[in-house]
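*Asks:* Sharing a structure, written as structure tokens. Questions coming.
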Amino acid sequence: MTENRQAPASGSIMVVGGGISGLTTALEAAEVGYEVFLVEKNPYLGGRVAQLNQYFPKLCPPTCGLEINFRRIKDNPRIKVFTLAEVEKVDGEPGNYEAVIRINPRYVNENCTGCGSCAQACQGEVPNDFNFGMNRIKGAYLPHEMAFPSRYVLSPRIIGTEDAKRARDACKYDAIDLDMAPKTMSLNVGAVVWATGWEPYDATRIDNLGFGRYPNIITNMMMERLAAPGGPTAGKILRPSDDRAPESVVFVQCAGSRDENHLPYCSYICCMASLKQATYVRAQYPDAKIYIFYIDIRSPGHRYEKFYKMIKEDENIFLIKGKVAEVSENPETRAVTVVAENAVTGRKIRQEADMVVLATGMQPAAANIKLPADLSYTDDGFVINDFDKGGMFAAGCANKPADVVSCNQNATGMALKAIQTLKR
Ligand SMILES: Cc1cc2nc3c(=O)[nH]c(=O)nc-3n(C[C@H](O)[C@H](O)[C@H](O)COP(=O)(O)OP(=O)(O)OC[C@H]3O[C@@H](n4cnc5c(N)ncnc54)[C@H](O)[C@@H]3O)c2cc1C
Ligand code: SF4
Ligand code: SF4
């Protein structure tokens, strides 16, 4: 405390990505007194967690954690949130970075009360990206029921159409501005935390598992939306081909992960996600049979192992050690048959089910489009933290596949690393 340290060139921190990791880093840094700019490309905060139905292992809704964080953000004037915003460029050095941010138009300003008249006025519909295209919504919409900020947005797909004019004319609060244009701005910050998270691996690339060819094969993230009250079926798990209640569901583990042709690593969360989703099916359909095909079940730590044990004791859930090699569809019933070799008995198994859920893994957001800064990556696109160089850090799933608890711990650590940069 008696040391006479040089003041940092900038005392601010930029956090890129407003998922659970970015929110945690932003809050931890702001709550000890630092100014934070939180840059999120979606029109809402919360990231992938906002799309989940329940969290393992407690099975509470994601609102539990997210709403507390949103309240903390609202109460903290040190955090400036930019939604629909992306970083175009970061130049500089630890303690003194210049970041160029592009803010895309929302076409709706802060007058919005959330009344919904604009949506009612629209005649056409656009695919609902939040629900992975499983339903359609009006082109003026609230991204999801607990969206923060709680403000409508106009889809770029309707700009220039009659629907955009109908939406504007229906708004009594002068909240719709069809002339909004993209803006760029510069921020001077001392440290940057990249919390850009992950994307579900593109299941259409796993040829042998039939996703995209057979309607009753879905991904685990689609299952989260099917089970969620705000999802395309209002929370009822129905098989997509005929909206019928499934009597049997197969889960295919390591769909793309631990496979040199796709993602060579373990995605860490998809065993727990399938065990959790088995409880969604059991809660809605007590007689349904569930078959989980796995290479190994990875349920790290005492609490997850306890959850796994509980699932194993369920007499309607069958865990089969065997990697699924192929799938086929019965064109009349639309049932799907999976074929695997039982790794314990060596016998070939054919299991038919009404629905199949692929436990697809996580791919870092930076795998396909590199971030606009001087960063190092693993071969798979995860950002490598160079603590010797400092200044820029990756938190949460931008750095490695992780569950929410690990992301929170890691993101808190990265807030501290960012603060240390400002202090040096
Ligand atoms: C099927 C499934 C179920 C799961 N269930 C659970 C569970 O029950 N419990 C649990 O603990 N974990 C669960 N997880 C894991 C959980 O989803 C992750 O731990 C969590 O999403 C990681 O948060 P994150 O903030 O690191 O990344 P994300 O949630 O991906 O958030 C990243 C954010 O950054 C934004 N972004 C990306 N690129 C940019 C950019 N260039 N500029 C600006 N913004 C950008 C994104 O829009 C997003 O908002 C599950 C995962 C799956 C696949
Ligand atoms: S933009 Fe206007 S009409 Fe639409 S929800 Fe907001 S206040 Fe209501
Ligand atoms: S968590 Fe389970 S399903 Fe996911 S990649 Fe690892 S072993 Fe496979």
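Read-outs throughout are calculated quantities, based only on the coordinates presented, and are distinct from any laboratory measurement. Remember, it's a predicted structure, so these values are computed and weren't measured experimentally. Every residue, glycine among them, receives a Cβ derived from its backbone with ideal geometry; neighbour counts consider all protein chains shown.
*Asks:* Please arrange Thr279, Thr184 by counting, for each residue, the other beta carbons lying within 10 Å of its beta carbon, fewest first.
*Replies:* Working: Thr279 19, Thr184 11.
Sorted ascending by nearby Cβ count, the order is Thr184, Thr279.
*Asks:* State the answer as a single residue: which of Met310, Ala278, Val324 lies farthest towards the positive end of the charge dipole of region 248-335, with beta carbon charges of +1 for Lys and Arg and -1 for Asp and Glu, about the Cα centre.
*Replies:* Value computed over the given set: Met310.
*Asks:* Roughly how far apart, in whole Å, are the Cα centres of region 260-303 and region 312-333?
*Replies:* 12
*Asks:* Cross-link partners among lysines for Lys74, C-alpha distance below 21 Å, same-chain residues fewer than 8 apart left out?
*Replies:* Output for Lys74: Lys41.
*Asks:* What percent does the relative contact order of region 53-202 come to when contacts are Cα pairs within less than 8 Å and at least six residues apart? Provide the component values of the computation, followed by the final result.
*Replies:* Working: 207 pairs, mean separation 39.6, N = 150.
26 percent.
*Asks:* Here's something else I'd like to know. How many percent of all Cα-Cα pairs in region 130-196 sit more than 20 Å apart?
*Replies:* On the way: 1058 of 2211 pairs.
Across region 130-196, Cα pairs with separations above 20 Å total 48 percent.
*Asks:* So how far apart, in nm, are the two label points at Asp388 and Glu145 if each is 7 Å from Cα heading toward Cβ?
*Replies:* Taking the two extended label points, one gets 5.2 nm.
*Asks:* Tell me the trypsin sites (Lys or Arg not before Pro) within region 202-246 that lie in a loop according to DSSP and have at most 15 other beta-carbon atoms within 10 Å.
*Replies:* Working: sites: Arg205, Arg213, Arg225, Lys236, Arg244; in loops: Arg213, Lys236.
Listed in order of number, the matching sites are Arg213, Lys236.
*Asks:* I need the Debye-formula profile for region 350-404: one equal scatterer per C-alpha, no solvent, reported as log10 I(q)/I(0) at q = 0.13, 0.14, 0.21 1/Å, two decimals.
*Replies:* Result of the Debye calculation: -0.44, -0.48, -0.80.
*Asks:* Extending each Cα 7 Å along its Cβ direction at Ala234 and Thr378, get the distance between those two points in nm, one decimal.
*Replies:* Those two pseudo-labels are separated by 4.3 nm.
*Asks:* For the chain, what does -39500 (n - 2.57) per DSSP helix run (n ≥ 4), summed and divided by total residues, give at 222 nm, in deg cm²/dmol to the nearest 500? Could the numbers behind the result be given before it?
*Replies:* Numbers: 8 runs with 91 residues, N = 424.
So the helix-based figure for the chain works out to -6500 deg cm²/dmol.
*Asks:* Something else now. As a test of the definition: which semi-axes, in Å, follow for the chain when you take the square root of five times each eigenvalue of its alpha carbon gyration tensor? Largest first, please.
*Replies:* Numbers: eigenvalues 296, 165, 66 Å².
After diagonalising the Cα gyration tensor, the semi-axes are 38, 29, 18 Å.
*Asks:* Normalising by the residue count of the chain, find the relative contact order in percent from Cα pairs under 8 Å and 6+ residues apart.
*Replies:* Working: 915 pairs, mean separation 82.0, N = 424.
Across the chain, relative contact order equals 19 percent.
*Asks:* Here's something else I'd like to know. How do Val189, Val15 line up, fewest other C-beta atoms within 10 Å first? Kindly include the intermediate steps, with their values, before the conclusion.
*Replies:* Values: Val189 28, Val15 33.
Taking fewest neighbouring Cβ atoms as first place, the list is Val189, Val15.
*Asks:* Fewest first, what order do Tyr107, Tyr308, Tyr377 take by the number of other Cβ atoms within 10 Å? Mind showing how you got there, number by number?
*Replies:* Numbers: Tyr107 24, Tyr308 18, Tyr377 15.
The most exposed by this proxy come first: Tyr377, Tyr308, Tyr107.
*Asks:* Oh, and also: Hey, can you grab everything whose amide H is under 5 Å from the amide H of Tyr291? Only 5+ residues off in sequence or another chain; H modelled, so Pro and N-termini drop out.
*Replies:* Val249, Val250, Phe251, Phe318
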